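*Asks:* Dropping the structure in here first, questions after.
The values are calculated or read from the model by the stated rules, or taken from the named source; none is laboratory data. Only a predicted model underlies this, so the values are computations on that prediction, with no experimental measurement involved. Cβ placement follows ideal geometry from the backbone for every residue including glycine, while neighbour counts extend to all protein chains displayed.
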Amino acid sequence: MSNTTALESHVHHRGSCILFAGLLGLCCALLLVGCQQLSDHPTAPRDSSAVEAAPTAEDLLIDAIDEVTSLADLPIGKTSSPGAVSIIQAISADSVYVYGTLTAEGLGAVVTERHTYPKGILLITVRKSFARSGAVVTDTKQYTSQANFRNNLPDQSVTTEVLPLSRDTILTHVMRNSTTETYTFRLPVVSSTVNQLTHTTRITSRFPRAGAIVSEVTDETGALIRRTISTALSGGAIESRTEYPDGSWRTVTTLGRADGSIFRQTITGKN
């Protein structure tokens, strides 16, 4: 009698386990379907390491000046039609787009939109560069998914305003997460890079001069390679004058337009 009871109890327990396993499998399937249906919605970063750690004020100053200095050398292609963009680089899966736009204040700005895959993860960096009240401004937004990019939900957003005040002072305003930070740099901000192929060193010094921002590149001996002087003009335009050791120079004025095009004027000469 007791053996029969034990057997019946065992069968009943096994049936409960089978029923529980079936319910668990059904729940998992429903959850999987739910996740697939939500895949087109804005998502959190899949890997926070794709977005760099919060940069320092000096890093932001260097990035802003370097971005503005590079505008004169960006090949913008044909961007005369409304909404047109220029793909200026396409290496593997990486690409860079350049186009014009207007800020909320109505100032012309040049946008560089970079799609890269650090560590195999998508990172879209959109930098808007323009001039405002004697300062050069870069507004940078980073996205780690196409959904967030389409919905303008940046994973990181920083606005850097660089204002040359006197011979040796650069004032920098940084807005992060709706909080504005103010920094004053009284000495040249210096950085160096080493070419891994030629093993040569390039040293870049950034400092103010007569209301403009100077970016001076020298080699390891101190010999001048080039000097670029960036000035904020009205309407959002930025003028960059680059001087070379042989006395030649080039002045480029760049301004983004509302239809996506970019106005560029280049003047060259020699002293």
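*Asks:* Collect the residues in segment 229-259 that are under 18 Å from Val190 (Cβ atoms) and within 22 Å of the chain's Cα centre (by Cα), keeping them in residue-number order.
*Replies:* Ser230
*Asks:* Now for a separate question. Going by the conditions given, is Thr218 in contact with a helix residue (DSSP H, G or I) (Cβ under 7 Å, 6 or more places away or on another chain), assigned to a strand (DSSP E or B) and of a type outside the set (A, V, I, L, M)?
*Replies:* Judged against the criteria, Thr218 is not a match.
*Asks:* Test of understanding: among Leu107, Leu61, Leu122, which residue is farther than 27 Å from Gly236 by Cβ, surrounded by 11 or more Cβ atoms within 10 Å (Cβ to Cβ) and modelled with pLDDT of 55 or more?
*Replies:* Being farther than 27 Å from Gly236 by Cβ, surrounded by 11 or more Cβ atoms within 10 Å (Cβ to Cβ) and modelled with pLDDT of 55 or more holds for just one of Leu107, Leu61, Leu122, which is Leu122.
*Asks:* Taking segment 171-189 only, how many residues are part of a strand (DSSP E or B) and surrounded by fewer than 13 Cβ atoms within 10 Å (Cβ to Cβ)?
*Replies:* Result for segment 171-189: 5.
*Asks:* Do any strands (runs of 3 or more DSSP E) entirely within segment 229-271 hold 2 or more residues that are surrounded by 19 or more Cβ atoms within 10 Å (Cβ to Cβ), and if so, which?
*Replies:* It comes to 238-243, 248-256.
*Asks:* Quick check on segment 189-217: of everything there that is more than 26 Å from the chain's Cα centre (by Cα) and among the hydroxyl-bearing types (Ser, Thr, Tyr), which residue is modelled with the highest pLDDT?
*Replies:* Thr200
So that you can scan it fast, the table gives a plain yes or no per residue for (1) of a type in the set (Gly, Ala, Ser); (2) out of contact with any Cys (no Cβ under 7 Å at 6 or more places or on another chain); (3) at pLDDT 95 or above:
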{"site": "Gly77", "(1), (2), (3)": "yes, yes, no"}
{"site": "Ala90", "(1), (2), (3)": "yes, yes, no"}
{"site": "Leu102", "(1), (2), (3)": "no, yes, yes"}
{"site": "Val137", "(1), (2), (3)": "no, yes, yes"}
{"site": "Phe149", "(1), (2), (3)": "no, yes, no"}
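*Asks:* If you don't mind, another one. Out of the residues in segment 142-153 that are in a loop (DSSP other than H, G, I, E, B) and touching a residue at least 24 places away in the same chain (Cβ under 8 Å), state the one that is farthest from Leu60 (Cα to Cα).
*Replies:* Asn151
*Asks:* In segment 111-141, what count of residues is obtained for those that are outside any strand (DSSP E or B) and over 30 Å from Arg209 (Cβ atoms)?
*Replies:* Residues flagged as outside any strand (DSSP E or B) and over 30 Å from Arg209 (Cβ atoms) within segment 111-141 amount to 6.
*Asks:* Starting from segment 181-204, take each residue that is closer than 19 Å to Pro164 by Cα and list its partners that are of a type in the set (Lys, Arg), counting only C-beta distances under 7 angstrom and pairs at least six apart or across chains.
*Replies:* Listed pairs, sorted by first residue: Pro188/Arg206; Val189/Arg206.
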